[in-house]
1. Quick one: how many residues across segment 52-77 are under 18 Å from ILE23 (Cα atoms) and of a type in the set (A, V, I, L, M, F, W, C)?
2. Which ones in segment 34-58 are touching a residue at least 60 places away in the same chain (Cβ under 8 Å), buried (at least 20 other Cβ atoms within 10 Å of the Cβ) and farther than 20 Å from LEU136 by Cα?
3. If I filter segment 43-52 for residues that are modelled with pLDDT of 85 or more and in contact with a Phe, Trp or Tyr (Cβ under 9 Å, 6 or more places away or on another chain), do I get at least one hit?
4. Go over the candidates SER56, SER105 one by one and state the one that is under 24 Å from PRO314 (Cβ atoms) and at pLDDT 85 or above.
5. Quick check on segment 160-180. Is at least one of its residues β-branched (Val, Ile, Thr), crowded, with 21+ Cβ neighbours inside 10 Å and under 23 Å from ILE23 (Cα atoms)?
6. If PHE346 satisfies all but one of (1) of a type outside the set (Val, Ile, Thr); (2) closer than 13 Å to HIS291 by Cβ; (3) surrounded by fewer than 17 Cβ atoms within 10 Å (Cβ to Cβ), what's the number of the condition it fails?
7. Does VAL81 meet the test of being of a type outside the set (Asp, Glu), out of contact with any Pro (no Cβ under 8 Å at 6 or more places or on another chain), at pLDDT 85 or above and over 20 Å from LYS53 (Cα atoms)?
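The values are calculated or read from the model by the stated rules, or taken from the named source; none is laboratory data. The model shown is predicted, which means the values in this text are computed figures rather than measured ones. Heads up, the Cβs are rebuilt from the backbone with ideal geometry, glycines too, and the neighbour counts pull from every protein chain shown.
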Amino acid sequence: MFGFEMSEKITLIEKQVSGSCWIRTFGLPLEGNSQRGWKIYPLFLGSTGILQKVNSHITVLNEGIIPHPPHQHLEEELIIVLSGKVDIIIEDQAGNPQKKSQRISTYSIAYHPAHQPHTIQSVGPGPATFLVFKWLGKPRANGEAFSELLTLDISTESSVKYRRLSEGFKCTPIFELPTLYLSNLRSHLSLLEPGAGYSPHRDPYDVAILLLSGTVETVGQQMFPYSVIFYASDELHGMCNVGDIPARHLVFEFHNPQTDFNGEHFHKIDSWWKRIDETAGKIAELMRMDHDFILVDDLHLFGAEALDGYRAHPFIENEGQYWGAPADDRIAIEEFERMRRAGAKFIVFCWPALWWLDYYKEFCSYLESHFYCMIENEDLIIFDIR
């Protein structure tokens, strides 16, 4: 079952059709943020029977902007460029200063394996908009996992060679590879002619679909470009083109590993979730439920049961929605002071986001010189900002 959080700002249509099917529809261009340099539109966040954690969002990144230094995380990640051009920047596990970059553009796909240090830069002209899927699962015990940056370009329709599956329905494979968490991460580009479709069925894997053109109906809902549709495994679903033009859609399949779990990685994942829960519990012990506080956690602790009922606010936020990391120290300080004036009494940095204090050095110095640091350990750094 899903426990997704969503933004009211992005979607023209925003529906949880059932406990295991979610749909988001948005139009392009999406508004950026000229002051911060980028804007994030959350789509969903939750878990399935296949994935321990899955989330999706859209980022609008202004020309020339790098939103964060190269960082790595446990999640695997897909990036689909919807408009503009970006450089995918990676460095080796040792933090080699000789970074490598690869430029991709509209309708190109990049895959980051877990633990790969990376960042992204919009290179113009104009902003770049891209869709992101990130997920975490139980690692596979045996077999090789694809561990390099993968980039693919599907922007040229004339280069696509479709294979007919049935009357009015054809597709072409894009990639197929094993990953740390998936026995198979598979993608294909499908095309439905007007009036064509396929019958309701259940898949033994999770499916994410990006509708690029046309109008389709699925699980009783009519969808338009651009729509993101997520079916959890075993969710009954079909699709029919109810429009006048071919419906082109990009499909990603997240297959469940069929092998035993690797103990080392499995314990690492378990310890990660355990540490998240323990950190949330520590915050609950330290904070009062009637006190507003700023929670800097890269969106890892929001939704933790231990913090239910607590008045935690993401940083940076816009009307209660997480709005991404600040573009620079000046914006970090301005947003912090705005939230402090609005009533925040503490700012809490959690271990997934402690890199902030190294990256935003002026912001860190500002906090240290103006406020009392009441807690500082490997899990939490908390300032009393009253």
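1. Of the residues in that region, 2 qualify.
2. Answer for segment 34-58, where residues must be touching a residue at least 60 places away in the same chain (Cβ under 8 Å), buried (at least 20 other Cβ atoms within 10 Å of the Cβ) and farther than 20 Å from LEU136 by Cα: ARG36, GLY37, TRP38, LYS39, ILE40.
3. Restricting attention to segment 43-52, the residues satisfying the condition of being modelled with pLDDT of 85 or more are 50-51.
Among the residues that remain, those that are also in contact with a Phe, Trp or Tyr (Cβ under 9 Å, 6 or more places away or on another chain) are: 50-51.
For segment 43-52, residues modelled with pLDDT of 85 or more and in contact with a Phe, Trp or Tyr (Cβ under 9 Å, 6 or more places away or on another chain): present.
4. Just one listed residue meets the conditions, SER56.
5. no
6. Going through the list (1) of a type outside the set (Val, Ile, Thr); (2) closer than 13 Å to HIS291 by Cβ; (3) surrounded by fewer than 17 Cβ atoms within 10 Å (Cβ to Cβ), PHE346 breaks only (3).
7. yes
Residues are listed down the side, and each one gets a yes or a no for (1) farther than 23 Å from ARG24 by Cβ; (2) without any contact (Cβ under 8 Å) to a residue 60 or more places away in the chain; (3) of a type outside the set (S, T, N, Q):
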residue	(1), (2), (3)
VAL60	no, no, yes
GLY64	yes, no, yes
ARG103	yes, yes, yes
THR106	no, yes, no
ALA114	yes, no, yes
LYS134	no, no, yes
